[in-house]
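*Asks:* For reference, the structure I am asking about is given below.
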Amino acid sequence: MSQQAALAIGALAAKEAWRIEKKYSRYRDDSVTASIHLSRGTTIEVDEETASLLDFARECFDLSEGLFDVTSGVLRRAWTFDGSDRIPEAAAIECLLPLVGFEKLQWRSPKLLVPADMELDFGGIGKEYAVDRAYQLLAIRESTPFLVNFGGDLRANRPPPHGPWRVGIERPDTDQETTLVLDLEHGALATSGDSRRYLLKDGVRYGHILNPLTGWPEVDSPRSITVAASSCTEAGLLSTVALLHGAGAQAYLEEQGVRYWLLQ
């Protein structure tokens, strides 16, 4: 493949990633997410792509028994994971829990009603969804081997001629120091962990992935979990839910019958 062709492929993947970021970011006032929040308390009709994401979010919520919940972003009103020791008061978290729960939405595709003060946050599936979308666009036009990698969440169509893709898994609390290397021929990998966003108080580390049922992180989870699956969204769901099983993360992944790698 020529350099020009490779750059064109990269540009196509990047364009799709930025499209999804613009459409669903909670930080933009022109996103679909912002528009939904402006319409809280009233029924609106969402577009086909957003409806598909909401259906997937509902499936994730059901399969995880409430541990994966796109309405839990409201908990960041109490939590700021900046590496400090500022743990929120339990009362502040308790006040937010009534605003969490996918079952409280009125969702029957394509009609959606988000109750007042509740929020949707697609951040928990956004990057993995972007990987899969970019992969699908490239797979339509490219037969050459390729790998889509957005911040360590990735998906490959087939191995390159020189052998499998070699993927390094970062050691927690290091700056890109590899602790193990995986050989990937095809499929997806996603990693969840607490190296970048956390709080630390009295020797206890509080990772940024919050249990929607309690409003708190699981402090006895592995530091990092990498899962292999056929799609990046599936791998991301499994790695995140495994972290929320705390000390039971390995047992949960064994039950799912997937390949995984834990770092303590």
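The values are calculated or read from the model by the stated rules, or taken from the named source; none is laboratory data. The structure presented is a predicted model; accordingly, all values stated were derived computationally and were not measured. Positions of Cβ are backbone-derived with ideal geometry, glycine not excepted, and every protein chain shown enters the neighbour counts. What goes into the accessible areas is simple: the full protein's heavy atoms, side chains included, and nothing from ligands, DNA or RNA. Shrake-Rupley method; radii C 1.70, N 1.55, O 1.52, S 1.80 Å.
*Asks:* Within the range 194-220, take every residue that is farther than 20 Å from Ser64 by Cα, aliphatic (A, V, I, L, M) and touching a Ser or Thr at 6+ places or on another chain (Cβ under 9 Å) and give me the one that is least open to solvent (accessible area, probe 1.4 Å).
*Replies:* The extreme case among them is Leu199.
*Asks:* Check the range 245-254 and report whether any residue there is of a type in the set (A, V, I, L, M), part of a helix (DSSP H, G or I), more than 18 Å from Gly73 (Cβ to Cβ) and open to solvent by less than 20 Å² (accessible area, probe 1.4 Å).
*Replies:* Our first condition is that a residue be of a type in the set (A, V, I, L, M); within the range 245-254, this holds for 247, 249, 251, 253.
From what's left, part of a helix (DSSP H, G or I): 247, 249, 251, 253.
From what's left, more than 18 Å from Gly73 (Cβ to Cβ): 247, 249, 251, 253.
In the following step, the residues that additionally are open to solvent by less than 20 Å² (accessible area, probe 1.4 Å) were identified as 249, 253.
Yes, the conditions are met somewhere in the range 245-254.
*Asks:* Quick one: in the range 28-78, which of the residues that are among the hydroxyl-bearing types (Ser, Thr, Tyr) and under 23 Å from Tyr198 (Cβ atoms) is surrounded by the fewest Cβ atoms within 10 Å (Cβ to Cβ)?
*Replies:* Per the criteria, the residue is Ser64.
*Asks:* Could we say that Phe81 is touching a residue at least 60 places away in the same chain (Cβ under 8 Å), open to solvent by 50 Å² or more (accessible area, probe 1.4 Å) and not polar (S, T, N, Q) here?
*Replies:* no
*Asks:* Now, a different point. Hey, could you check the range 161-193 for residues that are of a type in the set (A, V, I, L, M, F, W, C) and either in a loop (DSSP other than H, G, I, E, B) or surrounded by 15 or more Cβ atoms within 10 Å (Cβ to Cβ) (or both) and say which is modelled with the lowest pLDDT?
*Replies:* Among them, the one singled out is Ile169.
*Asks:* For Glu103, indicate whether it is within 21 Å of Ser52 (Cα to Cα), acidic (Asp, Glu) and part of a loop (DSSP other than H, G, I, E, B).
*Replies:* Answer is no for this residue.
*Asks:* Scan the range 143-160 and tell me whether some residue there is touching a strand residue (DSSP E or B) at 6+ places or on another chain (Cβ under 9 Å), among the β-branched types (Val, Ile, Thr) and either part of a strand (DSSP E or B) or more than 24 Å from Ser35 (Cβ to Cβ) (or both).
*Replies:* Within the range 143-160, one or more residues are touching a strand residue (DSSP E or B) at 6+ places or on another chain (Cβ under 9 Å), among the β-branched types (Val, Ile, Thr) and either part of a strand (DSSP E or B) or more than 24 Å from Ser35 (Cβ to Cβ) (or both).
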